[in-house]
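Trainee: Take this structure first; my questions come after.
FYI, it's all coordinate maths here, none of it is from the lab. Since this is a predicted model, take the numbers as computed values, not measurements. Cβ sites come from the backbone with ideal geometry, for glycine too, and all protein chains shown count toward neighbours.
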Amino acid sequence: MDLGAKIVIIDLNIEGANEAALKLCDANVMAIQVDVSDPADVTEMIDGVVAEYGKLDILVHSAGIGIERSFLETTPEEWRRLIDVDLSGTFYCAQAAARHMVENGYGRIVSLSSTAGLRRGTGRTAYGGVVTLTKVMAVELASHGITGNALAPGAIETELVARMHFEETRRVYRAGIPLDRYGTPDETAFAAVFLASEQAGYITGHVLGVDGGFLAAGIMYRNREV
Ligand SMILES: NC(=O)c1ccc[n+]([C@@H]2O[C@H](COP(=O)([O-])OP(=O)(O)OC[C@H]3O[C@@H](n4cnc5c(N)ncnc54)[C@H](O)[C@@H]3O)[C@@H](O)[C@H]2O)c1
């Protein structure tokens, strides 16, 4: 779906970013290698993008890492890396982008949290921080014409999930998903496109579940009539 945006794909993995850019087959797509946990690099990259394109209307921050580690077993190094990438990375990118958006009086910031940011889950502390950060941005940036929203994906078939979800994870997860399947990256992307659109201008501070109903569910019977 071509909505006319000029796109810059940022990733630590430049091969992956280049591949994604190639798939879009568009001269208006550029890929840049940046570690979102490095504030100086992020600022330089965002300033460079604005210098190249003249302005920045939309930021979708979906860089992230995940570890399956219990509270008691998480090491200080793992803790720091998770917070640095998932939470501080969201902050650095959003702040650097918002500084330019403020000049234009317009902006759409979409961050990636998780259903675990709303309902919690093992090893997923940073996601709760992204929810709080999203609401703070919504409040503080509203007068500048900038909205701040987040997506809360449940289980989406991405490379991260291929690495982290074992057979048992999948079985337990699906038991809690009314739609009884994992989501696709496209289904998450469409939700981001909606929140990033001009038409979503009256939605801010919202965390939108992309979760097949996971957040709505409690006890569910699958194979018998209730
Ligand atoms: N897939 C899911 O089911 C799911 C569920 C809940 C939340 N999320 C969150 O959604 C976001 C996207 O996840 P995904 O499933 O697409 O993961 P993914 O691993 O498939 O993609 C994440 C991307 O982030 C990049 N990245 C990692 N560290 C980086 C860094 N320091 N700087 C720049 N880029 C970096 C990786 O190279 C990768 O391309 C993440 O924040 C993730 O935690 C995903």
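Trainee: From the phi of every residue in the range 79-89, what ³J(HN,Hα) in whole Hz does the Karplus formula 6.51 cos²θ - 1.76 cosθ + 1.60 yield, where θ is phi - 60° and glycine or proline is x?
Mentor: Coupling constants for the range 79-89: 4, 4, 5, 4, 5, 4, 7, 6, 9, 5, x Hz.
Trainee: Straight-line reach from residue 6: which aspartates and glutamates fall under 13 Å, measuring Cα to Cα and dropping same-chain residues less than 8 apart?
Mentor: 26, 52, 57
Trainee: Let me ask another. Post the alpha-carbon centroid distance, the range 195-226 to the range 131-153, in whole angstrom.
Mentor: Result: 18 Å between the Cα centres.
Trainee: Between residue 74 and residue 44, what is 0.36 nm times their sequence separation minus the Cα-Cα distance? Round to one decimal in nm.
Mentor: 7.6 nm
Trainee: Something else now. The range 177-226: which chymotrypsin sites (Phe, Trp or Tyr not before Pro) are DSSP loop and have at most 11 other beta-carbon atoms within 10 angstrom?
Mentor: Within the range 177-226, the qualifying chymotrypsin sites (Phe, Trp or Tyr not before Pro) (loop, at most 11 other Cβ atoms within 10 Å) are 202, 221.
Trainee: Continuing with the same structure: Put +1 on the Cβ of every Lys and Arg and -1 on every Asp and Glu Cβ in the chain; which of 63, 129, 175 then has its Cα farthest towards the positive end of the dipole?
Mentor: Checked the options; the winner is 175.
Trainee: Measure nothing but the geometry: give the 0 to 90° angle between the long axis through the Cα atoms of 39-53 and the longest principal axis through the Cα atoms of the chain, rounded to 10°.
Mentor: Approximately 60 degrees, to the nearest 10.
Trainee: Check the straight Cα-Cα distances from residue 23 and name the aspartates and glutamates below 13 Å, setting aside those fewer than 8 residues away within the same chain.
Mentor: 2, 15
Trainee: Share of Cα-Cα pairs in the range 62-216 beyond 29 Å, in percent?
Mentor: Taking all Cα-Cα pairs of the range 62-216, the fraction more than 29 Å apart is 19 percent.
Trainee: Find, among the chymotrypsin sites (Phe, Trp or Tyr not before Pro) in the range 71-131, those assigned to loop by DSSP (not H, G, I, E, B) with at most 12 other beta-carbon atoms within 10 angstrom.
Mentor: Sites meeting the loop and neighbour criteria: 71.
Trainee: Please give the charge dipole size of the range 62-216, origin at the Cα centre, charges +1 on K and R Cβ atoms and -1 on D and E Cβ atoms. Round to the nearest 20 debye.
Mentor: 280
Trainee: Taking the alpha-carbon distance from residue 55 and a cut-off under 14 Å, which aspartates and glutamates remain once sequence neighbours fewer than 8 residues away in the same chain are dropped?
Mentor: Answer for residue 55, where 14 Å is the Cα cut-off: 47, 103, listed by chain and number.
Trainee: Using only Cα atoms, find the angle between the long axis of helix 125-141 and the longest principal axis of the chain, and express it within 0 to 90 degrees, rounded to the nearest 10.
Mentor: It is inclined by approximately 40 degrees.
Trainee: Count neighbours as other Cβ atoms within 10 Å of each site's Cβ, and list the trypsin sites (Lys or Arg not before Pro) in the range 100-202 that are DSSP loop with at most 16 such neighbours.
Mentor: Qualifying residues, ordered by number: 120, 181.
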